[in-house]
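Working notes for the structure below.
The values are calculated or read from the model by the stated rules, or taken from the named source; none is laboratory data. From a predicted model like this one, the values you see are computed outputs, not experimental measurements. Glycine also receives a Cβ, built like all others from the backbone with ideal geometry; neighbour counts cover every protein chain displayed. Accessible surface is based on the protein model in full, side chains and every heavy atom, while ligands, DNA and RNA are left aside. Shrake-Rupley method; radii C 1.70, N 1.55, O 1.52, S 1.80 Å.
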Amino acid sequence: MTRSEMFMEFLLYEWIGKPVWMWVAFLSIVFGLLAFDLGVLHKEDKEMGISESLYLSAFYIGFAMIFGGGIWWAYEAGHIVTSDGTHAGVTYFTGFFIEKALSIDNVFVISLIFGFFAIPRKYQYRALVWGIIAVIVLRGLMIGIGAALVQEYDWLLYIFGAFLIATGIKMLFVPEGDADISKNPVVKFLRRHMRVTDALHGDKFFVRQPDPKTSKLVVWATPLFLALVVINLADLVFAVDSVPAIFAITTDTFIVYTANIMAILGLRALYFALSAMIHRFHYLKYALALVLVFIGGKIFWNQLFGKLDPAISLGVTLALIAGGVLFSLWKTRNDPPAEKLA
C-alpha cells in the first residue's frame with residue numbers, strides 16, 4: 001500500500017462517529033479563521049470599537065449560518081448521517097442558537113475578570129482569541145467524554161434533563177450574587193505558586209525578569225495570563241449548562257461540537273459591543289431559563305410520548321430567545337447608558 005493510499009484510508013477512518021476528514025476539515029476552517037483574525041485583522045494591539053465589533057461578529061454569525069446550511073444540504077443529500085437519526089441541519093441550528101444565547105451570560109463575567117486584572121481594552125481581544133484556542137480543546141474533551149458516557153449509559157440523558165430543568169428554575173427564581181474575583185481559589189493558587197508581575201507587559205503572557213532572591217533571569221507570568229486562565233475556567237463552568245443542553249437535542253458528537261465552537265467563535269468579537277450594553281439584556285436571563293426548562297423537559301417527553309419534531313424545538317428556542325432580547329430592549333429603552341464594564 002502506497003503512502004497516498006494509506007493517507008486516504010486514514011482520512012476515511014471513522015472517529016467518534018464521523019470520518020477523520022470531516023474533523024480535519026472543520027478544525028482547519030476554525031484555525032484558519034483564527035489565524036486570519038489574529039494575524040491579519042488584529043496583528044497590532046488596538047482598542048476595538050463597537051462598530052468594528054458588530055461587523056466582525058456579523059461575519060462570524062454569517063459564516064456559521066453558511067456552515068449550517070452546508071450541513072443541512074449534506075444531510076438532505078444523504079452525505080451525512082447522524083448517530084441518533086435526528087436531522088443534522090435542524091439540530092445544528094438549534095444547538096447553535098442555544099449556545100449563542102447562553103454565551104451572552106459570559107460577557108458580564110469576562111468584563112469583571114478584565115476589570116479585576118486592569119487589562120486595557122486594546123489587549124483584551126488578543127487574550128480572548130487565545131482563549132478560544134483553549135476552549136476548542138477543552139470543549140472537545142468535555143463533549144467527547146460526554147458522548148462516550150451517553151452512548152454507554154443512555155440513562156444519563158435523564159440526569160442531563162433534570163439538571164437543565166433545575167438550572168432553569170434556579171435562574172428564574174434565585175437572584176445572582178456578585179462575583180468576587182479576588183476570592184477565586186484559582187487566582188489565589190496561581191499567585192501562591194507562580195511568579196506573577198505586578199504590572200502588564202504589553203500583550204505578553206510571560207516575561208523574563210530577575211528573581212529578587214537570586215538575581216537570575218526567570219520566567220514570570222503577567223496579569224494578562226492570569227486573566228486568560230480565569231476566563232477559560234469560567235467558560236468551563238458555563239459549559240456545564242450548555243453542553244448538556246445540546247446533548248438533549250442530539251447526541252451526534254460532530255453536530256454538538258461544531259455548533260458549540262461556531263457559536264463561541266463570534267462571541268469574542270461581539271463581546272466589545274455587548275459589554276457596553278449588557279445592562280440592556282437583563283430580561284434575557286429569564287428567556288434562557290425557559291429554554292433550559294423546555295430542552296430538559298423535551299428529554300422526558302421523547303421517552304414518554306415519542307420524539308418531538310426537531311422543527312418544533314428549533315422554533316420554540318428561537319421564539320424564546322428572540323422574545324427575551326426584544327422584551328429586554330423594550331423594558332430598558334429609557335435606561336441611561338451604562339459605563340464601560342471593561
Based on this model, can you work out whether L34 counts as under 28 Å from R268 (Cβ atoms) and either crowded, with 17+ Cβ neighbours inside 10 Å or touching a Gly at 6+ places or on another chain (Cβ under 8 Å) (or both)? yes
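Please go through the stretch 66-80 and give me each residue that is exposed (fewer than 13 other Cβ atoms within 10 Å of the Cβ) and on the phi < 0 side of the Ramachandran plot, ordered by number. Talk me through it step by step, then tell me what you get.
So in the stretch 66-80, the residues exposed (fewer than 13 other Cβ atoms within 10 Å of the Cβ) come out as 66, 76-79.
Result: I66, E76, A77, H79.
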Does the stretch 192-213 hold any residues that are in a loop (DSSP other than H, G, I, E, B) and within 27 Å of the chain's Cα centre (by Cα), and which are they? L200, G202, D203, K204, F205
So how many residues does the stretch 81-127 have that are among the basic types (K, R) and within 13 Å of L270 (Cβ to Cβ)? 1
Which number in (1) aliphatic (A, V, I, L, M); (2) free of Cβ contacts under 8 Å to residues at least 40 places away in the same chain; (3) closer than 18 Å to D203 by Cβ marks the one condition that L141 misses? (3)
Any chance A162 is open to solvent by less than 70 Å² (accessible area, probe 1.4 Å), out of contact with any Phe, Trp or Tyr (no Cβ under 7 Å at 6 or more places or on another chain), farther than 26 Å from S111 by Cα and part of a helix (DSSP H, G or I): yes
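Give the residue that is farthest from V109 (Cα to Cα), with candidates limited to residues of the stretch 249-275 that are in a loop (DSSP other than H, G, I, E, B) and open to solvent by 10 Å² or more (accessible area, probe 1.4 Å).
The first filter runs over the stretch 249-275 and keeps only residues in a loop (DSSP other than H, G, I, E, B), leaving 249-252.
Those still in the list that are open to solvent by 10 Å² or more (accessible area, probe 1.4 Å) too: 249, 251.
On the way: I249: 27, T251: 29 Å.
The selected residue is T251.
Hey, among V186, V135, which residue is under 21 Å from the mean Cα position of the chain (by Cα), within 14 Å of L236 (Cβ to Cβ) and either among the small types (G, A, S) or modelled with pLDDT of 80 or more (or both)? Lay out the reasoning, then the answer.
Details: V186 fails: either among the small types (G, A, S) or modelled with pLDDT of 80 or more (or both).
The conditions single out V135.
Restricting the search to the stretch 297-338, which residues are in a helix (DSSP H, G or I) and basic (K, R)? I'd like the intermediate steps shown before the answer.
Of the stretch 297-338, the ones in a helix (DSSP H, G or I) are 297-305, 310-331.
Passing the criteria: K298, K331.
Are any residues in the stretch 279-296 assigned to a helix (DSSP H, G or I) and farther than 17 Å from I98 by Cβ, and if so, which ones?
Keep residues of the stretch 279-296 that are assigned to a helix (DSSP H, G or I), which gives 279-281, 284-296.
Within the stretch 279-296, H279, R280 meet the criteria.
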